[in-house]
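Here the structure comes first, spelled out in structure tokens, and everything after it is commentary.
The values are calculated or read from the model by the stated rules, or taken from the named source; none is laboratory data. Since this is a predicted model, take the numbers as computed values, not measurements. Here Cβ is always computed from backbone atoms with ideal geometry, including for glycine, and neighbour counts include all displayed protein chains.
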Ligand SMILES: [Zn+2]
């Protein structure tokens, strides 16, 4: 018997999925301004704002143009300044969101900027998009400070979302208010349960792991 073996059908060109490969030379030669993103996180009272201002100041001494942004939600100290817990001040833009920054500053002024500092970054829902564009497209150095976790040690706002975008990430620690050891967490002294509760040392304290767990247990028993 003679069997006709079926001739394998040649796939038409249009059916072959095209694999798009990026040309390494093309990537290497495209000229883009080189931006950077640096993230400073940690609990409250860890000196995040101080670290941000120090970093901003050292950038400023290189003759670079700087702008500082903070959320207008936190009005504890001054609306138009970033103020550290020890009282150091720096003029800033207090804004409800980051997308309004360029518009408020003006396109021309924005183009002149080299460095953008963002304090209390956990309050900015558009942090990811803003940082991405500022560093990738506009060549800005963006230095971001904010809380990584809330008082329940859960991810707080968008700060951790920008870690994959960042050049560096620094986690600062405070001193445990109860034993003086390194504190990694923010403990809420009061019984309010909303995530965003703005407050200072009367509402929050930095604690070590042991005192975080002890404190949470005491709260549970009381509640
Ligand atoms: Zn402790």
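The residue of region 133-159 that is farthest from the ligand (Cβ to nearest atom), among those that are without any contact (Cβ under 8 Å) to a residue 60 or more places away in the chain and surrounded by 16 or more Cβ atoms within 10 Å (Cβ to Cβ), is 133. Out of everything in region 83-93 that is at pLDDT 75 or above and not in a loop (DSSP other than H, G, I, E, B), what residue ends up being nearest to residue 51 (Cα to Cα)? Per the criteria, the residue is 90. Against the list (1) loosely packed, with under 15 Cβ neighbours inside 10 Å; (2) assigned to a loop (DSSP other than H, G, I, E, B); (3) within 16 Å of the ligand (Cβ to nearest atom), the condition residue 191 fails is (3). I'm checking my understanding of the structure. Among residues of region 194-212 that are surrounded by 19 or more Cβ atoms within 10 Å (Cβ to Cβ) and assigned to a helix (DSSP H, G or I), which one is nearest to the ligand (Cβ to nearest atom)? The extreme case among them is 211. Hey, any hits in region 104-126 for a residue that's free of Cβ contacts under 8 Å to residues at least 12 places away in the same chain and part of a loop (DSSP other than H, G, I, E, B)? There is at least one residue in region 104-126 that is free of Cβ contacts under 8 Å to residues at least 12 places away in the same chain and part of a loop (DSSP other than H, G, I, E, B).
Residues in region 176-188 that are within 14 Å of the ligand (Cβ to nearest atom) and either free of Cβ contacts under 8 Å to residues at least 40 places away in the same chain or not in a strand (DSSP E or B) (or both): 176, 177, 178, 179, 180, 181, 182, 184, 187.
It is to be established whether one or more residues within region 88-110 are within 17 Å of the chain's Cα centre (by Cα), within 30 Å of residue 214 (Cβ to Cβ) and crowded, with 19+ Cβ neighbours inside 10 Å. Within region 88-110, none of the residues are within 17 Å of the chain's Cα centre (by Cα), within 30 Å of residue 214 (Cβ to Cβ) and crowded, with 19+ Cβ neighbours inside 10 Å.
Of the set (1) part of a loop (DSSP other than H, G, I, E, B); (2) within 15 Å of the ligand (Cβ to nearest atom), all apply to residue 215 but (1). Is region 132-142 home to any residue that is within 23 Å of residue 92 (Cα to Cα) and part of a strand (DSSP E or B)? Yes; the residues of region 132-142 include at least one that is within 23 Å of residue 92 (Cα to Cα) and part of a strand (DSSP E or B).
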